[in-house]
Amino acid sequence: MRLMRLELLVSLALLGWCVVGCRGTDVKLHDESIRQYRLGEHYFRDGSYVKAEDHYKRALNVDDRNAYAYRRLGMINIARGYFEQAEDYLRKAVKLDPDEAAHLDQLGVALVGRRKYRRALSTFQKALNKREDYFPSKYHIVGVYRRLKQLNKARVQCLQLLSTYPQKAEPHLEMGLLYLAQGDQHQAKRSFKRAIDRDSKLIEPHFELAKIYLQLKKYRLCLTHLQKVLSIKTTHSEARHMFGLARRAYMASGGR
């Protein structure tokens, strides 16, 4: 779920005012489908996925050619961990609008969730073939190499991202995960802190630091980062569980 939660924070292309590409041509969507999609976008950005989902489905009931509504439904199912359903929605988006890199990228994310890593890698590459500068797919390829245990390839790709996008938080996060995969907690901490310096509202580096500090028995620091996670996402069940463990350990240690 780590990659999927992060991906929802990456800005993606939005639906145009009245025309989107479908089946290789420009197809004008029904005005009501566009209106329902925009209402869904309002709730999606607020994290109100149930309401957003309702409006996206209404958009498709009016006009089932709305590829962007299918993509958002795929993203919502990714966030819920329903990767098979997400893949179905995203394949429909790609079929309707095969030249949109964002649709292909999200399909790759769903495939990662289903642990179909090689198919995901191919899908991310297809997204880059459509748009060679598309950052999310470049970033996701690093994560796939890491999951395939191809750490040298992952490191090379990640260093390229750090060179090209030094102010983005995500490459620093991924570098931290690579250091953890290599057993280097010290360098991992430094990378996670760099990610936080660039985007303090990104959940994952806070959570990873909390896990490291819990292992190191630095409970106060662990609790600090868990509080940040829960201030951003109160429903983060893993963080809530870890917070209870860390708080009990903190009290038992005399407040260290």
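Figures for the structure shown
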| item | result |
| --- | --- |
| Tabulated pairs, segment 81-105, first among the polar types (S, T, N, Q), second buried (at least 21 other Cβ atoms within 10 Å of the Cβ), C-beta under 9 angstrom, 6+ apart or interchain | Gln85/Leu73; Gln85/Gly74; Gln85/Asn77; Gln85/Ala110 |
| Helices (runs of 4 or more DSSP H) contained in segment 140-256 and holding at least 1 residues in contact with a Cys (Cβ under 7 Å, 6 or more places away or on another chain) | 169-181, 203-215, 237-252 |
| Any hit, segment 48-62, residues being closer than 16 Å to Gln106 by Cβ, buried (at least 22 other Cβ atoms within 10 Å of the Cβ) and touching a His at 6+ places or on another chain (Cβ under 6 Å) | no |
| Helices (runs of 4 or more DSSP H) enclosed by segment 59-138 - at least 3 residues per element that are closer than 19 Å to Leu39 by Cα and either within 18 Å of the chain's Cα centre (by Cα) or of a type in the set (Asp, Glu) (or both) | 67-80 |
| Cβ-Cβ under 9 Å pairs, at least 6 apart or on other chains, segment 49-63 side touching a residue at least 40 places away in the same chain (Cβ under 8 Å), far side among the charged types (D, E, K, R) and buried (at least 20 other Cβ atoms within 10 Å of the Cβ) | none |
| Ala195 vs. criteria surrounded by 20 or more Cβ atoms within 10 Å (Cβ to Cβ) and without any contact (Cβ under 8 Å) to a residue 60 or more places away in the chain | yes |
| Test: residue in segment 153-168 that is closer than 25 Å to Leu216 by Cβ, without any contact (Cβ under 8 Å) to a residue 60 or more places away in the chain, outside the structural domain of His103 (by TED's automatic domain parsing) and not aliphatic (A, V, I, L, M) | yes |
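Per-residue answers, yes or no, for (1) in contact with a Lys or Arg (Cβ under 8 Å, 6 or more places away or on another chain); (2) of a type in the set (S, T, N, Q):
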| position | (1), (2) |
| --- | --- |
| Tyr145 | yes, no |
| Lys149 | no, no |
| Ala154 | yes, no |
| Cys158 | no, no |
| Ser163 | no, yes |
| His172 | yes, no |
| Leu177 | yes, no |
| Gln187 | no, yes |
| Ile196 | no, no |
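The values are calculated or read from the model by the stated rules, or taken from the named source; none is laboratory data. No experiment lies behind these values; they were computed from the predicted model shown. Reconstructed Cβ throughout: ideal geometry from the backbone, glycine too, with neighbour counts over all protein chains shown.
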